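Trainee: The structure under discussion is supplied below as structure tokens; questions concerning it will follow.
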Amino acid sequence: MRFPLALTAKIARHIIKHKLRKTPKFAMVLQLEPLHTCNLTCTGCGRIREYSTSLKDIVPLEKCLQAAMECDAPMVSICGGEPLIYPKIEELVAGLLEQKRIIYLCTNGMFMRKKMREYMAAHYSPEMETKLQTLLKAHLVTEKEAEVIRNSEAARSKVVIRPSQWIYWNVHVDGLEFTHDLIVEREGVFKECVEAIKMSKILGYQTATNTTVYKETDVKEIEDMFKFLSSLDVDAHTISPGYEYDAAKKDMVKRLGKQPEDFFLTRKMTRQKFAKIQEWSKAFTIVGTPMYQEFLAGKREMTCTPWAIPTFNVKGWKAPCYLMTDGHYAGYQEMLSKVQWEKYGVVDGVARDPRCEHCMVHCGYDPSGALGTNYQRGDNWKNIKYNFSRKPARYERGHEVNAFNGFSIGKGHLAEAKAAINNPRAAMKDGISASQHPAEPRDHTVGVETTPSGEFAAKGANSNRIAGK
Ligand code: SF4
Ligand code: SF4
């Protein structure tokens, strides 16, 4: 099966229950943001900008668990900010597991290995020693860290995030090394994500990735990224076009001197970028209904169902959706009843709100596919077929992808890298170039066909390679 049977069955039961009860609006996935603090400042991130005045605030553990009970979504995506910074993250995961929720623990990957070492220390045993030896051999833990794992008596009683069929690590990966580190505005993040993913698979965790596509994202690079991640045994991938958050747009103009239209996608561009999504979903374990994929590929229209993926954070229930904020409410039911939902979304290609015009994001539209909004004959069958079809095989040649294609100094915008590659001098700013080693163009793959020339990422290689270190 494409996704684990227990998970698919749990979600299907939830939908059928509400359909039988004729519940007009209900939650499928809760986006739980226990805090907005983050250790990174990614270009295009709306959260750290929109909530810049409450970055130090956190949602108390009890309130997080109550929110999950209140909306009763079978799946909870713990996001933020960086949720691994949340002081009670282990207790939050344990509490949600007790409520029998499926958990997606979204992370930029920087603290994942630390959390996994804590799990190893808490459950140290001869069997764990075998895994520890594998990790040592792969240089995923150091000798010093291994000693701490073996000898940390105090850690044995700690609540930890352990592997479970109900939990996925959901690692943010927006491209191969060069692109990803530019977008997250820090060197070394891609490498750390890859190491964390490798470690998670050795320890038996389920691990997914989530990717946002921007205007300058090279589609060929995304394909290469999937090949590479598949070879690391990543279990699932979410992919979504970027949305122009107001706060992110303002930040882009002010801090980076960039125009938002140079970075974010219009609907037309999204459809071009996602033209091959159905092909990708045959080859890789893409999360998303076939209807949402058709929508992304420009083969049908859809209306969003933002109430199905509600967001709860330090200010309450955010409305109308994960992306846009017109208010916060104290309760989920209160939000459902007070928001004028008919003011939002795009119907038959016409935006009811101008801010919705170019939105095609996963969290707004994917539930529409599962809930039968804009139902067309045969959709149910497509859903069943997609979920019950065989999981795509591991892409064995993924190691041939030149994933470690260099790093930038993290100026955070792809155009600077492009300029650096095409004209290193032009990209010099304050005496520092946007790319340390722009060097000659080089494609991502070794022994894999190359992308048509002209797109940034195919040229994005530089000689400052980390691979093989
Ligand atoms: S890691 Fe996530 S929350 Fe943090 S800045 Fe990047 S996109 Fe925003
Ligand atoms: S189209 Fe829907 S999901 Fe997208 S911004 Fe508008 S209300 Fe939110």
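Trainee: For segment 314-355, what % of the accessible area comes from carbon and sulfur atoms, probe 1.4 Å?
Mentor: Details: 1000 of 2080 Å².
Reported share for carbon and sulfur atoms: 48 percent.
Trainee: Considering only protein heavy atoms, what is the solvent-accessible area of Glu147 at a probe of 1.4 Å, reported in Å² to the nearest 10?
Mentor: Probe radius 1.4 Å; accessible area of Glu147 about 90 Å².
Trainee: Apply the Kirkwood formula to segment 162-220: the hydrodynamic radius equals the inverse of the mean of 1/r over all pairs of different alpha-carbon atoms; give it in Å with one decimal.
Mentor: Here the Kirkwood hydrodynamic radius works out to 12.4 Å.
Trainee: Taking the Cα centre of segment 117-221 as origin, sum charge times position over the Cβ atoms of Lys and Arg (+1) and Asp and Glu (-1), and report the length of that vector in debye to the nearest 20.
Mentor: 480 debye
Trainee: Additional query: Hey, with R₀ at 25 Å, roughly what FRET efficiency would Ala330 and Ala94 work out to, going by the Cβ-Cβ distance, to 0.05?
Mentor: Computed FRET efficiency for Ala330 and Ala94: 0.45.
Trainee: Using θ = phi - 60° and the Karplus form 6.51 cos²θ - 1.76 cosθ + 1.60, what ³J(HN,Hα) does each residue of segment 303-314 get, whole Hz, x for Gly and Pro?
Mentor: Going residue by residue, I get 10, 6, 10, x, 5, 7, 10, x, 10, 10, 8, 4 Hz, with x marking Gly and Pro.
Trainee: Round to the nearest 10 and report in Å² the accessible area of Ser230, as given by a 1.4 Å probe over the protein chains' heavy atoms.
Mentor: The value for Ser230 is about 10 Å².
Trainee: Sorted by mean Cβ packing within 10 Å, highest first, what order do the peptides 291-297, 161-167, 371-377, 45-51 take?
Mentor: Order by mean packing, descending: 291-297, 45-51, 161-167, 371-377.
Trainee: Could you give the length gained by full extension between Glu127 and His399, i.e. 0.36 nm per residue of separation minus their alpha carbon distance, to one decimal place?
Mentor: Contour length minus Cα-Cα distance gives 95.1 nm.
Trainee: Students often get this wrong, so check it: of Lys10/Lys391; Lys10/Lys273; Lys115/Lys215; Lys158/Lys315; Lys115/Lys137; Lys25/Lys343, which have C-alpha atoms separated by over 22 Å?
Mentor: On the way: Lys10/Lys391 18 Å; Lys10/Lys273 32 Å; Lys115/Lys215 34 Å; Lys158/Lys315 30 Å; Lys115/Lys137 20 Å; Lys25/Lys343 16 Å.
In this structure, Lys10/Lys273; Lys115/Lys215; Lys158/Lys315 lie more than 22 Å apart at Cα.
Trainee: Amide H of Ser77 versus every other amide H placed in the peptide plane: which residues, excluding those fewer than 5 positions away on the same chain, fall under 5 Å?
Mentor: The list, which skips near neighbours in sequence, is Leu30, Gln31, Leu32, Tyr104.
The values are calculated or read from the model by the stated rules, or taken from the named source; none is laboratory data. Since this is a predicted model, take the numbers as computed values, not measurements. Cβ: placed from backbone, ideal geometry, glycine included. Neighbour counts: every protein chain shown. In case anyone asks, the SASA skips ligands and DNA or RNA and just uses the protein heavy atoms, side chains included. Shrake-Rupley method; radii C 1.70, N 1.55, O 1.52, S 1.80 Å.
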